[in-house]
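Take a look at the structure set out below.
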Amino acid sequence: MQSDLIIKENELIDPSDYPEDQRSLVEDFNARIRRLMGIITGIGKEYHTIRVINANTKKMYLYRSTGENTNRYAVELGLRFDNYDRFIEEYVDRCVVNSIESIQRDVKMDAVFSRIKNGELFSLDYMRLADDGNMSYHQMAFALAGQPGETENFILAFRDIDKSIRKHISDKRYLREQLDIVETLSRDYYNIFKVNPQTGDVVILKLDGYVTKGMEGAGEKKYPYDALYKQYVKDRVYSEDQEWMYDAISLDTVNRKLKDTSEYVSSYRVMDNGEVHYYQFTYILINANIPNSDMLAAFKNVDDIVASAKERQNLEILASTDIMTGVLNRGSGERKVIDAMANNRAGMFCILDIDKFKDTNDDYGHNVGDKVLRGIAYVLKLTFRDEDIIFRLGGDEYAVYVMNMSDEEAGKAVMDRIFNEIAKLDVQELSGRDISVSAGAAFFREGDKLSFDELYKLADKGVYESKKFDGSSLNFAQ
């Protein structure tokens, strides 16, 4: 990355191309470039990323990066901030995991220059948190980008000190985390399995409860996940819950759920000796920072918990749910959005108004209108994620707060999917009459001072603009 920025010897200015009285200036310029090249070339043999900073303006640019061992977050910081003070403060705060306060002091501009002003190389060793969540030994180095007294620029370079040490730490940390999680789960769960999310291979870690046909107990033997979970659902899960359970713990569903969270938990019912019992499954990533990390699947009986909490839970669900559609009602939905904003969780707030809904009720009756309302709610629940907040505002209006979305292009893509699914809704009584919605959206971004009422008014303004067009339409309000 950016390696084409390195100056080569044959790219220096040829003095013969200039008038004789200017050639000495050209030669002096070339001499300065050669000195800079010498310093950077020497550092470049060991350091994977080099930045050059002007000591007066504090402006910084990327001079060279091999890409190897480069921290993605550090690259992103460099793109966001070209000011050295801001960049180095953010880098140390996010990536350095030891002696942070002393390192912050040592990398301040004045402290750096006091060490390198006479041409010395100043380096700092530290533990860096990598993009994959592992720690490694790293080093920052500082040097003048030229001769003392002749340059306003200095160099900041990064390198990985010891790859083998990093791998050793990573392996030990992975194993330690795996053991810690298993020990914690073992206190409550009867059966625990390790599952490879890509291959579907299952290894049994603990088997004190029901044993699925074909299993031999804890050990290193690998079993096929699909065969095991389907057999388990068939043999153990209560008949009314089986269809849901086949989908809920399929490998595709579990992988999808664990993209948004490091833990996926739900309850189901088991039929045992003619009695129905409540059980809980938990799927958890061993290391959420490593792509395609192995996961643990655990199962336990929760009869006592359900007995004490079931009534309270039912009352809470009734109090927060819109009975007609099954999504959140306006009060609970708005409270959740306000809470998300208060915790600085960015998102897209969208209001959807069903087009010509009064005509539908008048022409076909309220029963048909209710089917349209439930159909829209079904599409919203199907398309948005569990973490997104979906609620009915009342009448023919819905609202959605899409978590962690602050980009119009991405927002438009999501809403286009909504519009396509709504267009597919088939309410027979409408005899082919199209169902469409007018939508308005506004963004709450990290650090914004918008209140919920202000965000609502912006989205509602977008709905008003969308009403000017036929068919499903979306407008963003600023």
**Asked** Is it the case that some residue within the stretch 223-232 is aliphatic (A, V, I, L, M), in the same structural domain as Glu263 (by TED's automatic domain parsing) and not in a helix (DSSP H, G or I)?
**Response** no
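If you go through the stretch 326-344 one residue at a time, do you hit one that is in a loop (DSSP other than H, G, I, E, B), touching a helix residue (DSSP H, G or I) at 6+ places or on another chain (Cβ under 7 Å), aliphatic (A, V, I, L, M) and at pLDDT below 80?
No, the stretch 326-344 contains no residue that is in a loop (DSSP other than H, G, I, E, B), touching a helix residue (DSSP H, G or I) at 6+ places or on another chain (Cβ under 7 Å), aliphatic (A, V, I, L, M) and at pLDDT below 80.
Identify, please: which residue in the stretch 236-279 is part of a strand (DSSP E or B) and free of Cβ contacts under 8 Å to residues at least 24 places away in the same chain and is, among those, surrounded by the fewest Cβ atoms within 10 Å (Cβ to Cβ)?
Step by step, filter the stretch 236-279, then rank; the result is Glu275.
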**Request:** For the stretch 413-436, state whether one or more residues are closer than 17 Å to Arg345 by Cα and in the same structural domain as Val463 (by TED's automatic domain parsing).
**Result:** no
**Message:** It is to be established whether one or more residues within the stretch 395-412 are touching a residue at least 40 places away in the same chain (Cβ under 8 Å), surrounded by 12 or more Cβ atoms within 10 Å (Cβ to Cβ), assigned to a strand (DSSP E or B) and small (Gly, Ala, Ser).
**Reply:** yes
**Complete:** Of those in the stretch 100-119 that are assigned to a loop (DSSP other than H, G, I, E, B) and farther than 18 Å from Arg159 by Cα, the residue modelled with the lowest pLDDT is Gly119
**Prompt:** Restricted to the stretch 68-99, and to residues that are out of contact with any Leu (no Cβ under 8 Å at 6 or more places or on another chain) and of a type in the set (Gly, Ala, Ser), which residue is modelled with the lowest pLDDT?
**Reply:** Ala74
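A quick yes/no check of all residues on (1) surrounded by 13 or more Cβ atoms within 10 Å (Cβ to Cβ); (2) outside any loop (DSSP other than H, G, I, E, B); (3) touching a residue at least 24 places away in the same chain (Cβ under 8 Å):
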{"position": "Gln198", "(1), (2), (3)": "no, no, yes"}
{"position": "Val203", "(1), (2), (3)": "yes, yes, no"}
{"position": "Lys213", "(1), (2), (3)": "no, no, no"}
{"position": "Gly217", "(1), (2), (3)": "no, no, no"}
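Can you confirm whether Tyr378 is farther than 22 Å from Ala342 by Cα and in contact with an Asp or Glu (Cβ under 8 Å, 6 or more places away or on another chain)?
Numbers: farther than 22 Å from Ala342 by Cα: yes; in contact with an Asp or Glu (Cβ under 8 Å, 6 or more places away or on another chain): no.
No; evaluated as a whole, the condition is false for this residue.
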**Asked** Does any residue of the stretch 348-357 turn out to be surrounded by fewer than 22 Cβ atoms within 10 Å (Cβ to Cβ) and in a helix (DSSP H, G or I)?
**Response** yes
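The values are calculated or read from the model by the stated rules, or taken from the named source; none is laboratory data. All values derive from a computational prediction rather than experimental measurement. Positions of Cβ are generated from backbone atoms using ideal geometry, with glycine treated the same way; all protein chains shown enter the neighbour counts.
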